[in-house]
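Each remark here refers to the structure printed beneath this line.
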Amino acid sequence: MKKLSLFLLFSLSLSTIAQEVKLEKEERIHIEQMPEKARLFLSQKSLTENKTKRFYREIDGDKKSYEAKLKIHRKIYSVEFSPLGELEDIEVEIKGKEVPKDVLQNIKNQLSERCNRYKIERIQVQYVNTPSTNQQEVLKQALKENNFSKVNYEIIIKLKTNDETMRREVLFDSLGNYKYHRKIIDYAHDTHLH
């Protein structure tokens, strides 16, 4: 019984640690390798007008997904799909000055409470597809670029502790309230469109 308790405790701590680490691997693929439902979604006129498109198969721990990275009106869009081709979310890379001032200040205050020194490397507005929304509604909101009422902010920060430099992915809600963070392992810049 004691061994079983120790095993369960060890297993639970490992699953907690696994959730706090972002170990993401992206493999570039052709659009034909995307799930059919994802290809159909990406064939919409509002998403086909751009010339810069890249497609990826992504593994993040146990989670597998597909991602299309598009450049629309000088903005970088990451459109993520489940293995079945269901839209999961659309992320739009933005500058700090595009975040409402009170929200950005709240984010910075919370980061300062958690980190001694940090630098914001990237901010993305995340439009999540939920059971109460539909894919077209999420796309419409993401393309508007000015509706931040039902979003998350996914922020990549670089921080230094002693001699170690590390990166974290930190998620905040639409008001700038902290939700969670994950340590980034094997962060690759080459998969982003610029």
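The values are calculated or read from the model by the stated rules, or taken from the named source; none is laboratory data. Predicted model only: the values in this text are computed from it and were never measured. Here the Cβ is made from the backbone with ideal geometry for all residues, glycine too, and neighbour counts use every protein chain on show. Just so you know, the surface numbers come from the protein's heavy atoms only, side chains and all, with ligands and any DNA or RNA stripped out. Shrake-Rupley method; radii C 1.70, N 1.55, O 1.52, S 1.80 Å.
Short version: ³J(HN,Hα) in whole Hz for each residue of segment 134-144, in order, from phi by Karplus 6.51 cos²θ - 1.76 cosθ + 1.60 (θ = phi - 60°), x for Gly and Pro, what are they?
With the stated coefficients, segment 134-144 comes to 10, 4, 5, 5, 5, 4, 4, 5, 5, 6, 5 Hz.
Whole-Hz ³J(HN,Hα) for each residue in segment 116-124, computed from phi via Karplus 6.51 cos²θ - 1.76 cosθ + 1.60 with θ = phi - 60°, x for glycine and proline: what do you get?
6, 9, 8, 9, 7, 8, 7, 10, 10
Under a 1.4 angstrom probe, counting protein chains only, how are V79, V21 ranked by accessible area, largest first?
From most accessible down to least: V21, V79.
What FRET efficiency comes out for the pair Y178/K25, r = Cβ-Cβ distance, R0 = 30 Å, nearest 0.05?
Between Y178 and K25 the formula returns 0.65.
Among R57, R74, R168, what's the order by accessible area (1.4 angstrom probe), most exposed first?
R74, R57, R168
Students often forget the sequence filter, so: which aspartates and glutamates lie under 16 Å Cα-Cα from K179 once same-chain residues fewer than 8 apart are removed?
E20, E113, E154, E169
For segment 178-184, what does the Karplus curve 6.51 cos²θ - 1.76 cosθ + 1.60, with θ = phi - 60°, yield as ³J(HN,Hα) per residue in whole Hz, taken in order and with x for Gly and Pro?
4, 10, 6, 9, 9, 6, 9
Give me the net charge of H181's neighbourhood, meaning all other residues with Cβ under 12 Å from the Cβ of H181; Lys, Arg count +1, Asp, Glu -1.
Summing Lys/Arg as +1 and Asp/Glu as -1 gives +4.
Would you tally the net charge around K63, using a Cβ to Cβ cut-off of less than 13 Å, leaving K63 out, and scoring K and R as +1, D and E as -1?
-4
Any of K63/K144; K53/K95; K45/K69; K51/K71; K119/K150; K75/K95 with alpha carbons more than 19 Å apart? Name them for me.
Listed pairs above 19 Å: K63/K144; K53/K95; K119/K150.
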